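Undergrad: Just dropping this structure here.
Just so you know, all these numbers are worked out from the coordinates, no wet-lab data involved. Given the structure is predicted, the values throughout are model-derived calculations rather than measurements. Neighbour counts are summed over all protein chains in view; Cβ atoms, including those assigned to glycine, are modelled from backbone coordinates with ideal geometry.
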Amino acid sequence: PSLLRSLRSAASHLSRRGYATEPVPERKVAVLGAAGGIGQPLSLLMKLNPLVSSLSLYDIAGTPGVAADVSHINTRSEVVGYQGEEELGKALEGADVVIIPAGVPRKPGMTRDDLFNINAGIVKSLCTAIAKYCPHALVNMISNPVNSTVPIAAEVFKKAGTYDEKRLFGVTTLDVVRAKTFYAGKANVPVAGVNVPVVGGHAGITILPLFSQATPKANLDDDIIKALTKRTQDGGTEVVEAKAGKGSATLSMAYAGALFADACLKGLNGVPDVVECSFVQSTVTELPFFASKVIELPPLHTFQILRLSILWPV
Ligand code: NAD
Ligand code: LMR
């Protein structure tokens, strides 16, 4: 009887999530910068996601090869590669979620702000196309400096008359992933059950892991908390230095980007209680944008606008 109970409970859980009794909705995901260091493994991970029905891989070069390669994987989504600006519109048309890892990465000695001049222009042109071809898509901004590229995207969308602050997300999931990993190591707990909210922004001291709210609780000394905080804030630089001129985090970022996109797809599909930290337009401080916990409340209809409420962490 206890096995039966477990099976019943699993079935009801799945049907609440829309997997068992309802068909999984069609969802198009576009990756912009798909041939890059993040773009390639991220495209692979999105191909493995059963919530994706159409996977659109765009870059200025190299996407036919990446798309051909990924398309041979026997999972649900149809994969199409688009190359060059003249194909950007087709890549974006009908997209529900657009993930943007396009742009240059750091080299040792650089800050994320040093990427501003090049990446601002790239993000501006991509967001101009998003406003035109898929104005209702959820935008997951990975390109750095996230603290600036998200406000740039907001301005582009405002100018185009398509801005909806509940659809624009700076991806700070890698900060959360790092904080969880480092905390689990010091607290000596299984990492799979760890949660650590990370608020603020995505650069140096603006990255604020809230280890005081980490679960499961561990009585870590202040100097350990300080060291964990610093390691999380410097996590990007740790990878940039280790790669010694060959770029910044790509594999862990692809993992983090895939987690965040999956949360967006679940939110769109009406799965309740999806909570992630993200850099979003905010009123929780005097800053116009701030990363904090964002909860995706299920829409009344599948395609209705997502309602997000930003929760100041307690
Ligand atoms: P990369 O150079 O390996 O790849 C970038 C890709 O973007 C390339 O394939 C390039 O052709 C493409 N690209 C350039 N201009 C484009 C355009 N106009 N349209 C479409 N694609 C274009 O770099 P990467 O390592 O993949 O990093 C990409 C960005 O992600 C960088 O800005 C990096 O700083 C950022 N990043 C952010 C996080 C985060 O936590 N948010 C983590 C790691 C990296
Ligand atoms: C990261 O946190 O790894 C990214 O923002 C890349 C970088 O430049 O540090």
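Undergrad: Please report the relative contact order for the chain, taking Cα pairs under 8 Å with a sequence separation of at least 6, and give it as a percent rounded to a whole number. Mind dumping the intermediate values first?
TA: On the way: 619 pairs, mean separation 49.1, N = 314.
With pairs under 8 Å counted, the relative contact order is 16 percent.
Undergrad: Same structure again: Any idea what the dipole of the chain comes to, in debye rounded to 20, about its Cα centre with Lys/Arg Cβ at +1 and Asp/Glu Cβ at -1?
TA: Details: 30 positive and 27 negative charges, 127 e Å.
Around 600 debye, computed over the chain.
Undergrad: Pull up the cross-link candidates among the aspartates and glutamates for Lys28, meaning alpha carbon to alpha carbon under 14 Å and not fewer than 8 places away within one chain.
TA: Lys28 reaches Glu78, Glu93, Asp96, Asp262.
Undergrad: Note down the magnitude of the dipole of the range 65-123 about its Cα centre, charges +1 on Lys and Arg C-beta and -1 on Asp and Glu C-beta and zero elsewhere, to the nearest 20 debye. It would help to have the intermediate numbers written out before the result.
TA: Working: 5 positive and 9 negative charges, 65 e Å.
Taking the Cα centre of the range 65-123 as origin, the dipole is about 320 debye.
Undergrad: Taking a 22 Å limit on the Cα-Cα distance, which of the listed pairs Lys166/Lys230; Lys180/Lys293; Lys47/Lys90 fall beyond it? Could the numbers behind the result be given before it?
TA: Numbers: Lys166/Lys230 30 Å; Lys180/Lys293 15 Å; Lys47/Lys90 19 Å.
Flagged as over cut-off: Lys166/Lys230.
Undergrad: Still on this structure, please answer the following. Can you give me the Cα centroid spacing of the range 102-155 and the range 23-50 in angstrom?
TA: 18 Å
Undergrad: Quick one: what Rg and Dmax do you get for the chain from the alpha carbons, in Å?
TA: 19.4, 64
Undergrad: Related question: May I ask you to compute the full-extension gain from His136 to Asp221, defined as 0.36 nm times their residue separation minus their alpha-carbon distance, rounded to one decimal in nm?
TA: Working: separation 85, 0.36 × 85 = 30.60 nm, distance 4.63 nm.
Value of the extension gain: 26.0 nm.
Undergrad: While we're looking at this one, here's another question. With N set to the number of residues, divide the alpha-carbon radius of gyration of the range 59-212 by 2.2 N^0.38 Å and report two decimals.
TA: Numbers: Rg = 17.7 Å, N = 154, 2.2 N^0.38 = 14.9 Å.
That works out to 1.19 for the range 59-212.
Undergrad: What are the ³J(HN,Hα) values, in whole Hz, obtained from phi via the Karplus relation 6.51 cos²θ - 1.76 cosθ + 1.60 with θ = phi - 60°, for each residue of the range 193-210 in sequence order, with x given for Gly and Pro?
TA: Karplus-based 3J(HN,Hα) across the range 193-210 equals x, 8, 10, 9, x, 10, 10, x, x, 10, 6, x, 5, 6, 7, 10, x, 9 Hz.
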